1. What is the angle, in °, between the Cα long axis of helix B:114-124 and the longest principal axis of the Cα atoms in chain B? Nearest 10 is fine, range 0 to 90.
2. A:S26 versus B:R264, label points 7 Å from Cα toward the beta carbon: distance in nm?
3. Would you mind checking A:K181/A:K204; B:K62/B:K208; B:K15/B:K200; B:K20/B:K67; A:K181/B:K15 for any pair whose Cα atoms are more than 24 angstrom apart?
4. Can you give the net charge of the other residues whose Cβ lies under 11 Å from the Cβ of A:L229, counting K and R as +1 and D and E as -1?
5. Taking chain A as a Gaussian network, where each spring joins two C-alpha atoms under 10 Å apart, which residue of A:P185, A:P208, A:P219 fluctuates the most?
6. Compactness ratio of segment B:1-87: Cα Rg over 2.2 N^0.38 Å, N = residue count?
7. Any chance you could list P(r) for segment A:52-209, counting all Cα-Cα pairs in 10 angstrom bins from zero, rounded to whole %?
8. Provide the gained length on full extension for the span B:T14 to B:K200, in nm with one decimal, where the gain is 0.36 nm per separating residue minus the Cα-Cα distance.
Amino acid sequence: MSRARSISWLELMWEFVRRDAKIQLSYRLQAFFQLAALFSICVTFFFLAHMLRGVESSIGTLERYGGSYFSFAIIGLAASSYIDSSLRSFSSSIRTAQMTGTFEAMLATRTRIGSLVAGSALYTLLYMAVRSGVLIAMAGLVFGVPLHLDRLPALAVIFGLTVTATLALGIFSAGFIVLFKQGDPLTAAISGLSWLLSGVLYPKEILPLWVQRVAEFLPATHTLEASRLILLRGAGLESLSGAVFGLAVFSVLGVPISLLWFAWAVNRARVAGSLAQY
Amino acid sequence: MNGGALAVEVAGLTKRFSAKRRGRQWLTPWRRLPPIEALRGVDLAVDKGELVVLLGPNGAGKTTLLKVISTLVRPSAGRAMVLGRDVTRFGPEARRNIGYVLAEERSFYWRLSCRDNLRFFGVLEGLPARAALARADELGSLLGLTELMGRDFGSLSTGQRQRMAIARGLISDPPVILFDEATRSLDPGRSERLRRIIRKVLVERENKAVIFATHDLEEARVLADRVVLMRDGRVAAEGSYADLEAQIGSAFREESSGEEAEFRRLFPDLEVSL
């Protein structure tokens with residue numbers, strides 16, 4: 001009989017993280033350049049905010065988030081780049097594996113495809129969380145943004161709900177890649193609309209009211225608002241029920257629907273014989 | 001549970017792929033294109049401790065058959081069983097018993113070492129990391145990869161990569177092993193050594209069921225307990241190589257006769273027999 005036996009899901013996931021960390025570490029200068037890029041983002045927005053300093057106080061919509069454009073923008077960038085990369089991580093990990101031929105090799109193993117996709121995206125999810133954390137820490141430590149670090153537990157709840165909501169959309173977009181190989185319309189649409197409507201670089205309150213209503217259907221809107229209110233105003237979860245509810249609805253409805261869609265897409269690809277094609 | 005079952009049992013297996021519309025075919029989207037029939041009612045039974053060679057020219061359906069058995073492709077009709085388990089209904093359970101040596105030797109992580117690659121795929125096969133590493137070392141010495149284990153996969157030669165693909169197929173020590181053109185990038189000495197490993201170690205000593213797809217006649221002759229000759233998605237004949245020699249020869253000649261005629265038309269002055 002085969003030597004294979006059951007290993008825990010955590011062992012399996014660890015192996016994916018280990019694999020991707022080793023691959024990333026093999027590009028030795030990458031970490032340095034990425035840190036430099038984060039610093040460069042901070043500096044750019046620091047000077048942009050410096051330019052706006054004279055008019056900041058007259059921007060009423062900014063007051064809700066503490067009144068400083070720099071801190072507003074940095075948290076917006078940290079949260080939205082996390083959501084953006086997480087969304088893409090599922091589909092891009094499948095696409096890369098299809099292109100390199102490793103997808104077929106993984107599919108030929110006993111591991112279920114759901115675990116393969118989750119494992120392949122996990123490193124990016126963790127890495128981007130750290131990257132966003134570093135960006136915010138840099139803003140606080142180097143550029144003096146006052147952060148309510150006593151509210152980190154509340155931030156962790158919002159972060160957890162963001163991960164599950166993003167997971168749903170990411171798995172959905174992975175289904176597109178399995179079926180059509182490229183041209184995942186969902187990620188592009190969600191990502192584009194989030195940058196436009198969710199208030200990444202400007203408060204969403206400056207948008208027309210009906211557009212703000214549309215923005216409620218994007219997870220990024222709730223994550224951005226909640227993250228800023230927690231970190232910049234020290235808000236607790238009790239005052240963020242709208243955001244918590246919005247993200248919870250995305251998670252509860254989105255995850256099962258996306259899993260069903262993904263299973264259907266995989267089955268179609270097996271019938272078409274195109275599972276590993278690119 | 002699987003004690004009396006055949007290692008692999010395929011009955012009436014049919015696979016039709018949808019044809020893709022090209023060029024002017026898009027002008028008549030209502031017209032259905034005839035499907036591409038890759039497998040047409042294939043029957044096959046392989047017992048434990050048996051080595052069956054799937055022999056056939058390119059496009060005969062060998063790889064599609066292996067992909068259906070390994071659950072990568074879903075059949076249109078018929079069924080495939082591995083140790084009594086229907087591969088369509090019990091995919092992960094069936095795959096647990098199958099080692100698939102892909103013809104695609106680039107399907108590894110080029111920036112990881114050979115050992116890390118085998119460890120990763122070993123864990124995907126359900127081995128704890130430490131057991132996967134131990135098995136990787138065991139296979140390294142069997143396949144002459146010991147010296148290469150610490151090297152990045154990307155630095156290997158084509159033949160070395162092919163040996164890694166073989167090691168990966170054997171990593172979980174499965175009872176059923178599918179080889180798809182496994183020796184195509186190996187030098188004659190290593191091909192011969194691999195054939196000995198398959199015959200003496202996997203089949204005779206470990207009683208595994210092996211299905212070996214190839215278009216190499218000599219390989220089929222020296223390796224097979226039984227040859228299954230495939231043509232146009234069908235099993236054209238089945239038996240020992242000696243019994244089928246005439247049919248095998250004509251199958252391969254007919255398959256290339258069209259190309260031969262075209263070659264003579266294009267280059268009438270060239271001597272085509274080398």
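Here, each number is a calculation from the coordinates, and none is a lab measurement. As the structure is a computational prediction, the values presented were derived from the model and not from experiment. Glycine also receives a Cβ, built like all others from the backbone with ideal geometry; neighbour counts cover every protein chain displayed.
1. 80 degrees
2. Rounded to a tenth, the inter-label distance reads 5.1 nm.
3. Values: A:K181/A:K204 34 Å; B:K62/B:K208 20 Å; B:K15/B:K200 34 Å; B:K20/B:K67 20 Å; A:K181/B:K15 22 Å.
Flagged as over cut-off: A:K181/A:K204; B:K15/B:K200.
4. Surrounding charge for A:L229 is +3.
5. Most flexible of the set in this elastic network: A:P208.
6. 1.35
7. Percent of Cα pairs in each bin: 10, 32, 30, 18, 8, 2, 0.
8. Contour length minus the Cα-Cα distance gives 63.6 nm.
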